[in-house]
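**Q** Just dropping this structure here.
Every number here is computed from the coordinates shown, using simple stated rules; none is lab data. Quantities reported herein were computed from a predicted structural model and do not represent experimental measurements. Positions of Cβ are backbone-derived with ideal geometry, glycine not excepted, and every protein chain shown enters the neighbour counts.
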Amino acid sequence: MSFLEAIILAIIEGLTEFLPVSSTGHMIIASTFMNIASDDFTKLFTVAIQFGAILSVVVVYFKKFFQSINFYVKLFVAFIPTGIIGLLLKSKVDELLENIWVVATSLLLGGIVLLFVDKWFAQNEEEGDEEVSYKTGFIIGAIQSIAMIPGVSRSAATIIGGLSQKLTRKAAAEFSFFLAVPTMFAATVKSVWDEKELLMESTNNEFWLLLVGNLVAFVVAYAAIQSFISFLNKHGFKFFGYYRISLGLILLILLLAKVNLTMVG
């Protein structure tokens, strides 16, 4: 992996992690185009740089993370379903991470759902809740588990999950940000631990790639978080729906036409 490839992947991670478009799907697409998707270090890199994105949430919502112990209890309750399912199905999920057919299909179907989300939950903006209960948190966490399928989008799943429990857009989006911290941290630690031998054998250049990747992911994610809720309140989910549908269709057409999706080879 070159520094340019690392920066491209880090920008994609930071930009898409908290948007309902699937960061994992975009990383798989980008690494496939750059012909590095099957490289072991690439797989480690794409998970490890999530730490930079996690840190951006803590910085943006610094006061919230030091407000009360109840905040952490709710996050723990919401994390339980994903944590358990993630441990049980990790090997199955890993098998899907190089399957761009799964990504394309998930992007398309998820995009269609997003076209109707604003209409389905329009009443939430007037009568919705701003606070997340333990029950709501657990349900959102269970729905988040669906996002283990590449292309589904953890952000989309958790935000829609929150809306289904009568949260406002803002409350659903912010809880999605908060829940990303334990979820992504656990995934990062698990992947780094599983690949500890690869990490120990990494060259100085690869350590610099990880450092730069996390820094870029942090900066881009910080900017994305700051602007996302404002955009969501003004424009809703349709833009993201049309984007996902377009990207999914393009990928499916290329795959059906048996076009080589790598830039080389």
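**Q** For the chain, just the Cα atoms, rotate onto the principal axes and tell me the three extents in Å, largest first.
**A** Its Cα atoms span 55, 43, 34 Å along the three principal axes.
**Q** Still on this model: Can you tell me the order of 207-220, 227-240 when each peptide is scored by its average per-residue count of other Cβ atoms within 10 angstrom, highest first?
**A** Averaged packing, sorted descending, gives the order 207-220, 227-240.
**Q** Right, something else. How high is the FRET efficiency between residue 239 and residue 207 when r is their beta carbon distance and R₀ equals 35 Å, given to the nearest 0.05?
**A** For residue 239 and residue 207, the calculated efficiency is 0.40.
**Q** From the Cα gyration tensor of the stretch 160-265, with a ≥ b ≥ c the square roots of its eigenvalues, which class applies: rounded if a/c is under 1.5, or else prolate if a/b is larger than b/c, or else oblate?
**A** In terms of gyration-tensor shape, oblate.
**Q** Just order 58-66, 129-137, 100-108 by mean Cβ neighbour count inside 10 Å, highest at the front, would you?
**A** 100-108, 129-137, 58-66
**Q** On alpha-carbon atoms, Rg over Rh for the stretch 21-155 using Kirkwood Rh?
**A** 1.00
**Q** Taking 8 Å as the Cα distance limit and 6 or more residues as the minimum spacing, I'd like the relative contact order of the stretch 3-256 as a percentage.
**A** 38 percent
**Q** Next up: Whole angstrom only: what separates the Cα centroid of the stretch 2-50 from the Cα centroid of the stretch 215-247?
**A** Spelled out, the Cα-based centre of one part sits 17 Å from the other.
**Q** A follow-up question, please. Averaging the inverse of every distinct alpha carbon separation and then flipping it gives the Kirkwood radius. What is it for the stretch 150-202, in angstrom units?
**A** Final number for the Kirkwood radius of the stretch 150-202 is 12.6 Å.
**Q** Same structure, new question: Along each principal axis of its Cα atoms, how long is the stretch 77-216 end to end? Whole angstroms, biggest number first, please.
**A** 55, 32, 31
**Q** Something else now. If a helix is a whole DSSP H run, which ones in the chain reach 20 Å or further along their own axis (Cα) and hold a mean Kyte-Doolittle hydropathy of at least 0.5?
**A** Sorted by number, the helices that extend far enough and score high enough are 69-96, 100-120, 169-194, 204-235, 238-256.
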